[in-house]
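K.L.:
First the structure, then my questions, so here it is.
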């Protein structure tokens, strides 16, 4: 079901009880065979992502394929979890993807990013207080989204700290969450109640930037 009404979702999420059986395999695909980082446990205080998953439940084959890729980006990447979240949050900020931002504010906090750092991610690499590698990571996001290429100065700063696999994972992380931002914004995926309940004012400030 689609609608041109910009005040609501263009593709309405299915309720979990209405998900097709194929979604079980699609969700399982998110776990890579050799994870480097722990998979999140099921906790009642964690956002469940039901609106995005319910939207993707309309296309289980696509969901499974993306989850294989995204499972590597999240759990098998050679980057640290903190580095991954810096990249994802900056993609969300540049793309003004409020759903992606809200989800990863939670995950970024789990990864060790504090509230000040998360605010500065929205400001970008020019914000004061970044260490050189963090600044280069944020600059890489901006350059990839703008030009599909990391500039020489940023590349050299990254290559001084990261190995080749980490550099590759960096680019594919930005790509994965850029396409997800496109999907979330184009489908009109709305924030879940469990996200709004966390810090509605902070989310509204992000949307108003």
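K.L.:
So, in nm, how far is label residue 148 from label residue 160 when the simple model puts each one 7 Å beyond its Cα toward the Cβ?
P.N.:
Output for this residue pair reads 3.0 nm.
K.L.:
Which of 179, 52 has the fewest other C-beta atoms within 10 Å, and how do the rest follow up to the most?
P.N.:
The most exposed by this proxy come first: 179, 52.
K.L.:
Still on this structure, please answer the following. Return the calculated 222 nm mean residue ellipticity for the chain, to the nearest 500 deg cm²/dmol, obtained by summing -39500 (n - 2.57) across DSSP H runs with n ≥ 4 and dividing by the residue count. Don't skip to the end; give the middle numbers.
P.N.:
On the way: 10 runs with 125 residues, N = 209.
One gets -19000 deg cm²/dmol as the mean residue ellipticity at 222 nm.
K.L.:
For residue 131 paired with residue 68, estimate the spin-label separation in nm (one decimal), with each label point 7 Å from Cα along the Cα-to-Cβ line.
P.N.:
3.6 nm
K.L.:
When Cα extents along the principal axes in Å is calculated directly from the model, which label among (i) 40, 36, 33; (ii) 47, 32, 28; (iii) 49, 40, 33 fits?
P.N.:
Read-out from the structure maps to (iii).
K.L.:
I've got another one for you. Using Cα atoms only, what is the angle between the long axis of helix 193-207 and the major principal axis of the chain, expressed in degrees (0 to 90) to the nearest 10?
P.N.:
Rounded to the nearest ten degrees, it is 50.
K.L.:
For the chain, what is the relative contact order in percent, using Cα pairs closer than 8 Å and at least 6 residues apart in sequence?
P.N.:
Computed over the chain, the figure is 27 percent.
K.L.:
Cα axis of helix 60-71 to longest principal axis of the chain: angle in degrees, 0 to 90, nearest 10?
P.N.:
30 degrees
K.L.:
I'd like the orientation of helix 98-110 relative to the chain: the angle between its Cα long axis and the longest Cα principal axis, in ° from 0 to 90, rounded to 10.
P.N.:
Helix 98-110 and the main axis of the chain meet at about 60 degrees.
K.L.:
Within 10 Å of each residue's Cβ, count the other Cβ atoms and sort 48, 131 from fewest upward.
P.N.:
Arranged by neighbour count, lowest to highest, 48, 131 become 131, 48.
K.L.:
Give me the mean projected area, in nm² to one decimal, of the convex hull enclosing the Cα positions of region 1-66.
P.N.:
5.9 nm²
Computed from the coordinates by the stated procedures, all read-outs in this text should not be read as laboratory data. For clarity, every value in this text was computed on a predicted model and none was experimentally measured. Because the Cβ atoms are built from the backbone with ideal geometry, glycine has one as well, and the counts that use them run over all protein chains shown.
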